[in-house]
Each structure stands twice: as structure tokens, then as C-alpha cells.
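The values are calculated or read from the model by the stated rules, or taken from the named source; none is laboratory data. Note that this is a predicted model, so its numbers are computed, not measured. Every residue, glycine as well, gets a Cβ built from its backbone with ideal geometry; the counts of neighbours run over all protein chains shown.
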Amino acid sequence: MASKIFTPTNQIRLTNIATVRLKKGGKRFEIACYRNKVVSWRNKEEKDIDEVLQTHTVFSNVSKGQAAKKEDLMSAFNTEDQTKICLEILEKGELQVSDKERTQHLETTFKEIASIVSGKCINPETKRPYTISIIEQAMKDIHYSINPNRNAKQQALEVIRQLKQSNNIPIQQAQMRVQLTIPAKDAKKFKEKMNKLSSAPHIDNEEFLGASMQLTCAIDPGVFRELDDLISSETRGQGQLELISLMDVAEGDETFNELHDEKTDE
């Protein structure tokens, strides 16, 4: 008679996984996630938990397929609700990756950050963008440390801030050019408040057109939302903010369309 192969009932086999581990109450608990989804969840880019978790099961050891004991879950988390526990582990646990994966991810993120900074910034002296290789070297010079739990766009803003403080290279975010149309009767008060914004717009041109005043300004991308809110509140919805161009650089350079995203990301 052929012998039967015994497989423990608490073993679950999974492949192509990313493991998140949390130690609590003297026990180790793990969850099995899809690769590249953990960071997206923590950055609030991914909102569907089923896109993150391979299974709503809490393990004591994912690689061996050993599910955690119910009494251990109750002792550590005061609940047996596996999904609720998975969410806590996802939030507080440590993502387990191999040294090779970690190195590859850091290198990829480093290059992505440099690419974003290169696109968003210019040399204020020449009004031209920096090449990606120059930004990469500048990041190395300031010893910028990649945070694997933050996305590249968030870290690019931090790199820009650090580069400005370091004075290693002259750098500033490329400006947006906008046109504002406001009722002439509100013009004086509006301009006074506009000049008090976190980064005051530079007025290139202003003229009266009948009962309205039209301003053409260069602004930092991060002030777009403030300016939009200001014109809405001060003109009681009668004013208008129009984007003319996304990048104020030396003539002949390419524009960087992602600056348009900045107004909603910052």
C-alpha cells in the first residue's frame, strides 16, 4: 500500500511574495503581500487591500506556510479578525526583502528621484535644466539617503530642499507662468495679499481691461493652490487663474509637463 504524504493543515504555500513582519507580545507575525504594493499602500497610492494582500491570513512564518495560532493572535492583538490584524501589520510591520532586492530598489529609486529633480529644477544663473547625471552627483555629494518607504516624488522635493541648503549647486524649482484676471475694484487689496503668500509671485505685466485687471506672473509651482484659493476668496468667484506655461527656462529648452502635477501634489 502506497504511503500517504502528510501535509499539516496550517500550512499555506504562496509564491512571488513580499513579507511584512511584526513582532508583538513576544511572538512573530507575518503577512504575505504582492511585490511593489506595500509601499504603494503606505503612500496611499493603493487603496484596495485585496491588491496588497495575497491572502487575509496571518502567519507565524510565511516562507514555511505556517499560519499563526488563534490563541497567539488573541493574546497579541485582542482579536481574531485576520483582516484587522493584517492591516495593523501592514501599517507597523517591517517589509522583508533580500539584500539584492534592497540594493536594486534603492538604485532604481535614486535614479528616479534624480530624473524628477532634473525635470522640475533649473540653474537660476543660466535658466537651464540640469542633466540627470549632474543631479545624481549632487545627491551623492550631500550624501542623500534613500527612504524605501517614501515614493520618488516625495523624496525629490526633499532633495530639492537639501540641495538649496547645501549650496553645492545653484538650484531652484522652475516657475510656472500664469495669468490672473480680477475685478479692478479688488485689485489693490488682492495684490497686497498676493505679495504675502509663502512665495510671492513675480508680476511681469499688469493692465486694466475695462472693469477688470489682468496680471501676468511667474510663480513657484507650490504656490499655485494658495493663489487659486486667494483669487477665489478675494473676488467672490469672479476672478480667474489661467496657466500659460509650465516652465520658465531659457528659450530653446524643453518644457517639463509634470510640473502641472505639482499644483495638486504639494
From the list K140, K120, which residue is crowded, with 19+ Cβ neighbours inside 10 Å and not assigned by the TED database to the domain that holds R28? K120
Return the residue satisfying two criteria in turn: it lies in segment 143-168 and is under 26 Å from R42 (Cβ atoms), in contact (Cβ under 8 Å) with a residue 12 or more places away in the chain and of a type in the set (S, T, N, Q), and of such residues it is surrounded by the fewest Cβ atoms within 10 Å (Cβ to Cβ). N149
Looking at (1) surrounded by 17 or more Cβ atoms within 10 Å (Cβ to Cβ); (2) outside any strand (DSSP E or B); (3) at pLDDT 90 or above, can you tell me which one V178 breaks? (2)
What are the residues in segment 35-50 that are surrounded by fewer than 17 Cβ atoms within 10 Å (Cβ to Cβ) and in contact with a strand residue (DSSP E or B) (Cβ under 7 Å, 6 or more places away or on another chain), if any? R35
Inspect segment 199-207 for any residue being in contact (Cβ under 8 Å) with a residue 24 or more places away in the chain, in the same structural domain as G237 (by the TED database), part of a strand (DSSP E or B) and loosely packed, with under 12 Cβ neighbours inside 10 Å and give the result as yes or no. no
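For (1) under 20 Å from Q96 (Cα atoms); (2) modelled with pLDDT of 75 or more, each residue gets a yes or a no:
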{"site": "T7", "(1), (2)": "no, no"}
{"site": "N16", "(1), (2)": "yes, no"}
{"site": "V20", "(1), (2)": "yes, yes"}
{"site": "K27", "(1), (2)": "yes, yes"}
{"site": "C33", "(1), (2)": "yes, yes"}
{"site": "K37", "(1), (2)": "yes, yes"}
{"site": "T57", "(1), (2)": "yes, yes"}
